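Visitor: Have a look at the structure that comes next, please.
A short reminder: the numbers here are calculations on the coordinates, not readings from a lab. Nothing here was measured: the structure is a model prediction, and the numbers come from that model. A quick note on method: Cβ atoms are made from the backbone with ideal geometry, for glycine too, and the neighbour counts reach across all protein chains shown.
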C-alpha cells in the first residue's frame, strides 16, 4: 500500500483556501469530531478537505474551522484509522 506522500501530484493549487470566501451558512447538518486516541496526525483529512476547513492545532492534532466546514464528511471517509466521525450539528 502506498502512502499519500508517494502519490503523484495531479494538480497544483496556486492559492490556498480557495473556498474561504464561502462560509458554511446554516445548512450544515453534521460536523466532524476527532478521536485523538486513534488519530496518527497523518494530515489526510487536511489534504482531502475541499474547503480547506481543517487546521492543525498547537498539539499537532487537527480540527475543523467551524466558519468554513460544510459537513460534507470527506475527512471522515478518507481517514484510514477511523479517527473522525460525523456528529449531528447542534
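Visitor: Kirkwood Rh, the stretch 22-90, all Cα pairs: how many Å? Provide the component values of the computation, followed by the final result.
Guide: Details: mean 1/r = 0.0839 Å⁻¹.
Value: 11.9 Å, from the Cα pair sum.
Visitor: While we're looking at this one, here's another question. Ranked by Cβ crowding within 10 angstrom, fewest neighbours first, how are 8, 38, 31, 70 ordered?
Guide: Details: 8 5, 38 13, 31 17, 70 21.
Starting with the residue having the fewest Cβ neighbours, the order is 8, 38, 31, 70.
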